[in-house]
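Working notes, beginning with the structure itself.
The values are calculated or read from the model by the stated rules, or taken from the named source; none is laboratory data. Note that the structure is predicted; figures quoted are calculated from it, not measured. Cβ coordinates were reconstructed from backbone atoms using ideal geometry, including for glycine residues, and neighbour counts include every protein chain displayed.
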Amino acid sequence: MSRPVLKVEHLKKYYPIRKGAFSKEKTVVKACDDVSFELYTGETLGIVGESGCGKTTTIQSVIRLIEPTDGTILLNGEDFRAMRGEELKQARQKLKLIFQDPYSSLNPRMTVKEIISEPLEIAGVCPDRAERDRRVLETMEQVGLDPSYVNRYPHEFSGGQRQRIGIARAIVLRPDVVICDEPVSALDVSIQAKIINLLRQFQRELDLAYIFISHDLGVVRHIAHRVLVMYLGRVVEEGESKELFARPLHPYTQALLASVPRMDAEGKPAPALQGDVPSPADPPSGCLFHTRCPYAQEMCAAHAPELREVSAGHKCACHFAGGLPSKGE
Amino acid sequence: MKRKREPSPVLTYRGYYRESWELLKRDPLAMVSLVIVIFLVIIAVFAPLIAPYDPDKQVLSQKLMDPCLEHWFGCDKHGRDILSRCIYGCRVSLSVGLVSQIIATVIGYFMGVCAGYFGGKADAVISFLIQVFSSLPDLLLAMALMFALGSGLVNLYISLGVLAWARTARLIRGTVLQLKEKEYVKSCKVDGGSDLRVILRHLLPNCIPTLIITVTMGIPSAILSEASLSFLGLGVRSPMASWGSMIAESQEFFRSKAFYSLFPGLCIIVAVIAFNTLGDGLRDALDPKLRK
Amino acid sequence: MAETVLEVKDLSITFFTKQGALPTVDGVSFTLDRGETLGIVGESGCGKSMTVNGILQMVPAPGRVTGGSVKLAGEELVGMREKELCKKRGQDVAIIFQEPMTSLNPLMTCGRQISETIQAHKKVSRREADQRALELIELVGIPMPEKIFHSIPGQLSGGMRQRIVIAMALCNNPGVLICDEPTTALDVTVQAQILGLINELKEKFGTAVIFITHDLGVIRQMADKVLVMYVGQAVEQVDAKELFDNPLHPYTQGLMRCIPGMDGGDGDLHVIDGSVPMLYDLPKGCLFAPRCPYADDRCRGERPGFYGAGGHRVRCFRCESMGEEGSR
Amino acid sequence: MRRYLVKRVLLALGILFSISLITFFILNIMPGDAVALMLGDTADPNTIETVRHNLGMDRPMWEQYVDWIVGVFTGDLGTSYFQRKAVSDLLLTAFGYTARLAAVSYVIALAVGLVAGIVSALNRGTILDRGLMTLTVVGISAPSFWVAIILQIFIGLRFKAIPISGLDTPISYLLPCISLGLRYAASIARITRTSMLEVMGQDFIRTARAKGLSPWRTVMVHMFRNALVPIITVIGADIGTLFAGSMLTESVFNIQGVGKLLVDNITKRDIPVVQGCVICVAIICVVVYLAVDLLYAVVDPNIRLGGEEA
């Protein structure tokens, strides 16, 4: 395969917090710790994990909505983190974001036309107003919105239609990478299916690369080619989607998969994990998962496992990866 | 590359302000107060045409004259027509309300946006200033300022305007802090939009309802402050007519001439109630929380 | 036959708004036996939450229960006086709401919120009530119950809060427990814990459960029988196993097929055409007809009743041949 | 909690210091010269200069300020130009009147306002609610000094038993307290109603009802307690303005309080007295705000336990 369109290496985002009421001692919350991945054209990378696992921090750092503490981001081989000014603005055209909430992601005081044409205006790609309007209408057509609604306000649309406006805004500049932050979580299943199909269709037609964040494992399995599993800011497992879902290596991934209530299997729910996710301000020693892990040994509390390749393209951060009974399917 | 279109939306929505106006029209109290406000504005603007007499002309023979057909509200201790003075007083009150609020809004919006949007040190300094200015009662600070600047209409504009900024700034700061977290602001930044663009295209239009409400609610409190200052002799310069100073003049005659203080007071109440009720109505009509 | 604890018959709730009278819930009927779990499933706005508000007689204005009956242990709740209803709520029927973050009073300690519920229905001293509350906190699997007893909700995680809400709901050992999307706001691993807990306690106390959710997977795990709702109406009612093996209503079928499965194929997902109709603009015939792939002229002109056999009730003309099923 | 406390106290001190700075400079840059006013039009420039020097008014402004602020900490607020009395003594006598007037007015206003607000919220949309809310609009709109005069005319002059000036007998509190308390009763009623309605719509109230609690318990324990935070904010802001408002009431009813002292001396340009009054009110306001911040922590355990700002 060719060069990755987006390459992220050792990305870190730490937030300093004060420890006690009066102590000067500061500690850091590692919201995103040493995350690396590559993304190729036409590919979808899924990121899964429970709330607070750092999925959102990771992508917001990648897109520089928040400045990462450390790490490298290469967009089409160029250093995205080092970019400033006009160069950054041009680079941003290649990297777009779709948000979760179709209600707060559209400015209520702007019409659909203004919303979709804003990226065009900022990028300054078509100074001609008529040309800009033509592209807006064309994009609306593409995402399945009636172009005659071009002068309406977001309030007039249903959740699914608003998400289509969000998608139109993201693809109007023909980006290379689109980051989808839980784009279907707020939608009902029947609408969710339509949006997922639409995203897949664009991927085929425009050769887009997606980073797709979701807590819904079924959706990720369906749309992603490769998957990262995150826990407390760290990647615990990474692999091809089919392989990872069929043979999960990390005990956390196994528990996650076992917890999903499934339509096809009868049976009473059996909680696979006890307790809550530990506070990120006071993370466990050694392997972050050892406090809840059913297989934890003494060494797990002492040493943090490295993310290592267990089989081709399948990485896992567990001392016993490969040696554990597979709880997948 | 055509998709099957989504079915047409069923809701009809005609823009935020049209919709708010429709809501406001359904509120009878707000409409009545709107009419009164318009009426007051007309009186203030066309005072010289409407007033039956010269407000400053002293006719000694008419001293403390009871209300009658020629002088509906009676005459004051210098024999000046009270109705005419009330009409000219309307000018003072409304102009003080409006001008001071414009000053307050300009300062307050600027400070509020700086504090809310940029955060950090700017926020710390501005928030502290807001707290300092809202710690002392407005009237007391206004008295001190009027004491330093001397009485007069322009000084009233300045001191009431300068003191009212803190309230506007606090509200705008809060609104901006909320708006900043909205995903449409983030997506503008992700697209590479400049801070100026965010402030003008995204923050300002969404702050306007807050500004409309603060101005409408700020005018009556400015009117009350002006009346209080003039009552204490720190407001307009005599012989200029102000509702507050007219009440002050009437005080020594309260045993015998009840009408003297009654009419200017009623003027204040009507004006203040009208603006307050209109403000309530606007708040209900503009509040996004009450909308879907 | 097991003892019936709740019988809902033709429950209708109408909202009187500017757009007219909106039939939010339209003729929903079911019975619930001791120890049984009924799942109610449907998309947002289908009236599933309003149905439970109707059972508790807590329909918010401008809505009103406009017909039908709700019999709790043989006693009619529709039309009952508020004072009597207060005695029923929390005592004979309890509810767990969706949002654990907001459904607890943020200023009151968790323990007190449980013990006040006990005191509202039993004449016991504060001390006894607190003691019982402490036992309950332990029962719902919270470590360090003493500490949690004195905590306020703001200090707890979502899963913990939902456990407190469960303890509160079960403190008077109600005959019926209503769970209104209790795990929607939680992560999957915590969801599995909470679902397990509800099942465990249900078996322990023999409580009948109404479980509302939009997640068919959860229904599969929890429910003995299922009621599928669409725009205020029940469209299919049957035993859980039968529903998943043999869904008959086109809406149920469509719903099941558009969920990306854990082992599904890679093709495009199945979609249901069109969108849910608005309550003020309902189609004349079958409510699902405009989106139904099998709809014919009759479907568009006439509302179907219930058809089916063997306890499988379906609101669809295609099942007419199976016979009429008035009510069970 | 300790961090919250310390932060609040430091903030309060900072605010107080800034206020003293602002007011001192505002009051001392006025155009009219007190000495010239004091000595009359005929005084010759040399005499004026001597008096100015004796009073220390020819020194640089910041030096005067430092002197004054040091004085404030030691309880010495200077001497009145005209009355030749220590400002602190004048203030102490006056403060008694103002405190009594303000306390009685506010307690009554608080009781009336809270009850009216709760009743209004629980009967939302009824005639009772509309009636009460109309009254509150009138209440916040009527200037207190005018209400005072109207009360004097229509009650004071009618019923001879009710005095129209001074604050000596219990009955003499009646009119001043109504005129001063009216707007506070109204504003408390309004915020109580709004705040109650907001809480009413929240999920935990639904939970409380679903638990089968009695309506009384639901309202008082669950709704009112949670509605308190915004009400306390308004109360805190009110107590500050109460002292400003009493200026007007005191001058109408001729009560020798702090307000009257300030108003009388501002026209005479007796700066030490004016400064004393202002700093006195400022201290009270800041102390009240501090008390309110601490009260938040009492009412809302989230602040107490979190230790961070709410």
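Taking (1) within 14 Å of chain D (Cβ to nearest Cβ); (2) buried (at least 22 other Cβ atoms within 10 Å of the Cβ); (3) not in a helix (DSSP H, G or I) in turn, C:ILE118 satisfies each apart from (3).
Taken over region D:46-68, the criterion of being without any contact (Cβ under 8 Å) to a residue 60 or more places away in the chain, surrounded by 15 or more Cβ atoms within 10 Å (Cβ to Cβ) and of a type outside the set (D, E, K, R) is satisfied by D:ILE48, D:VAL51, D:LEU55, D:MET57, D:GLN64, D:TYR65. Of all the residues in region D:106-143, those that are crowded, with 20+ Cβ neighbours inside 10 Å, in a helix (DSSP H, G or I) and either of a type outside the set (A, V, I, L, M) or without any contact (Cβ under 8 Å) to a residue 24 or more places away in the chain (or both) number 7.
When we screen A:GLY323, A:GLY275, A:GLY313 for residues that are more than 14 Å from every other protein chain (Cβ to nearest Cβ), more than 30 Å from A:LEU199 (Cβ to Cβ) and modelled with pLDDT under 90, the only hit is A:GLY323. Look at A:ILE98 and say whether it is surrounded by fewer than 16 Cβ atoms within 10 Å (Cβ to Cβ) and either hydrophobic (A, V, I, L, M, F, W, C) or on the phi > 0 side of the Ramachandran plot (or both). For A:ILE98, the condition - surrounded by fewer than 16 Cβ atoms within 10 Å (Cβ to Cβ) and either hydrophobic (A, V, I, L, M, F, W, C) or on the phi > 0 side of the Ramachandran plot (or both) - is not met.
Within region C:141-171, restricting attention to residues that are of a type in the set (S, T, N, Q) and over 18 Å from C:ASN199 (Cβ atoms), which residue is nearest to the other protein chains (Cβ to nearest Cβ)? Result: C:SER157. Reported count of residues in region C:1-26, each being surrounded by fewer than 15 Cβ atoms within 10 Å (Cβ to Cβ) and either modelled with pLDDT of 90 or more or basic (Lys, Arg) (or both), is 3. Filter region C:172-201 for residues that are in contact with a helix residue (DSSP H, G or I) (Cβ under 9 Å, 6 or more places away or on another chain) and charged (D, E, K, R); which is farthest from C:GLN98 (Cα to Cα)? Filtering region C:172-201 for residues that are in contact with a helix residue (DSSP H, G or I) (Cβ under 9 Å, 6 or more places away or on another chain) and charged (D, E, K, R), the one farthest from C:GLN98 (Cα to Cα) comes out as C:ASP187. C:GLY158 falls short on exactly one of the conditions (1) more than 24 Å from C:GLU3 (Cα to Cα); (2) out of contact with any Ser or Thr (no Cβ under 9 Å at 6 or more places or on another chain), and that condition is (2). Residue-level check: of (1) part of a helix (DSSP H, G or I); (2) within 11 Å of chain B (Cβ to nearest Cβ); (3) among the aliphatic types (A, V, I, L, M), A:LEU65 misses just (1). Name the single residue, out of those in region A:169-192 being small (Gly, Ala, Ser) and at pLDDT below 90, that is surrounded by the fewest Cβ atoms within 10 Å (Cβ to Cβ). If we take residues in region A:169-192 being small (Gly, Ala, Ser) and at pLDDT below 90, then A:SER185 is surrounded by the fewest Cβ atoms within 10 Å (Cβ to Cβ). So the check is Cβ under 6 Å with 6+ separation or different chains; which pairs have a first residue in region A:189-203 that's more than 7 Å from every other protein chain (Cβ to nearest Cβ) and a second one that's assigned to a helix (DSSP H, G or I)? Matching pairs, first to second residue: A:ILE191/A:GLY160; A:ILE195/A:GLN163. Scoring B:HIS202 on the criteria (1) away from chain A (no Cβ under 14 Å); (2) part of a helix (DSSP H, G or I) leaves a single failure, condition (1).
Among the residues of region A:139-159, are any more than 23 Å from B:TYR16 (Cα to Cα), of a type outside the set (Lys, Arg) and free of Cβ contacts under 8 Å to residues at least 24 places away in the same chain? Yes, the conditions are met somewhere in region A:139-159. Filtered by the rule that a residue be within 18 Å of B:MET111 (Cβ to Cβ), among the aliphatic types (A, V, I, L, M) and either in contact (Cβ under 8 Å) with a residue 24 or more places away in the chain or crowded, with 19+ Cβ neighbours inside 10 Å (or both), region B:190-203 gives B:VAL198, B:ILE199, B:LEU203.
Has region A:102-110 got at least one residue that is assigned to a helix (DSSP H, G or I) and either at the interface with chain B (Cβ under 9 Å from one of its Cβ atoms) or at pLDDT below 90 (or both)? No; the residues of region A:102-110 include none that is assigned to a helix (DSSP H, G or I) and either at the interface with chain B (Cβ under 9 Å from one of its Cβ atoms) or at pLDDT below 90 (or both). When region D:247-259 is filtered for residues that are more than 10 Å from chain B (Cβ to nearest Cβ) and either assigned to a helix (DSSP H, G or I) or crowded, with 22+ Cβ neighbours inside 10 Å (or both), the ones remaining, listed by number, are D:THR249, D:GLU250, D:PHE253, D:ILE255, D:GLY257, D:VAL258.
Annotation note: Cβ proximity below 6 Å between a residue of region D:280-295 that is farther than 13 Å from D:LEU11 by Cβ and touching a residue at least 12 places away in the same chain (Cβ under 8 Å) and a residue that is among the small types (Gly, Ala, Ser) and surrounded by fewer than 19 Cβ atoms within 10 Å (Cβ to Cβ) (sequence gap 6+ or interchain) occurs for D:VAL288/D:GLY236. Looking at region D:144-177, which of its residues are within 21 Å of B:PHE263 (Cα to Cα), more than 9 Å from chain B (Cβ to nearest Cβ) and loosely packed, with under 15 Cβ neighbours inside 10 Å? Passing the criteria: D:ILE155, D:ARG158.
Conditions tested, residue by residue: (1) touching a residue at least 40 places away in the same chain (Cβ under 8 Å); (2) of a type in the set (Phe, Trp, Tyr); (3) within 12 Å of chain A (Cβ to nearest Cβ).
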position	(1), (2), (3)
C:THR207	yes, no, no
C:HIS214	yes, no, yes
C:LEU227	yes, no, no
C:GLY232	yes, no, no
C:VAL235	yes, no, no
C:ALA240	yes, no, yes
C:CYS258	no, no, yes
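Among the residues of region A:246-261 satisfying the criterion of being facing chain C (nearest Cβ under 8 Å) and assigned to a loop (DSSP other than H, G, I, E, B), which is nearest to C:MET222 (Cα to Cα)? Among residues in region A:246-261 that are facing chain C (nearest Cβ under 8 Å) and assigned to a loop (DSSP other than H, G, I, E, B), the one nearest to C:MET222 (Cα to Cα) is A:PRO261.
Of all the criteria given as (1) under 18 Å from D:ARG209 (Cβ atoms); (2) not assigned by TED's automatic domain parsing to the domain that holds C:THR14, the one not satisfied by C:GLY111 is (1). Of all residues in region D:202-226, exactly one satisfies the criterion of being of a type in the set (Gly, Ala, Ser), more than 17 Å from D:ALA121 (Cβ to Cβ) and out of contact with any strand residue (DSSP E or B) (no Cβ under 6 Å at 6 or more places or on another chain), namely D:SER214. I'm trying to understand the selection: among the residues of region B:161-204, which are more than 29 Å from B:LEU141 (Cβ to Cβ) and among the hydroxyl-bearing types (Ser, Thr, Tyr)? Result: B:TYR184, B:SER187, B:SER194.
Could you look through region B:256-283, keep only residues that are of a type in the set (Gly, Ala, Ser) and in contact with a helix residue (DSSP H, G or I) (Cβ under 8 Å, 6 or more places away or on another chain), and pick out the one that is surrounded by the most Cβ atoms within 10 Å (Cβ to Cβ)? Among those residues, the one meeting the criterion is B:ALA271. Residues in region A:101-117 that are closer than 16 Å to A:ARG134 by Cβ and charged (D, E, K, R) were compared, and the one that is surrounded by the fewest Cβ atoms within 10 Å (Cβ to Cβ) is A:GLU114. Is it the case that region B:114-123 has a residue that's closer than 25 Å to B:ILE212 by Cβ and either among the charged types (D, E, K, R) or touching a Phe, Trp or Tyr at 6+ places or on another chain (Cβ under 7 Å) (or both)? Checked region B:114-123: at least one residue is closer than 25 Å to B:ILE212 by Cβ and either among the charged types (D, E, K, R) or touching a Phe, Trp or Tyr at 6+ places or on another chain (Cβ under 7 Å) (or both).
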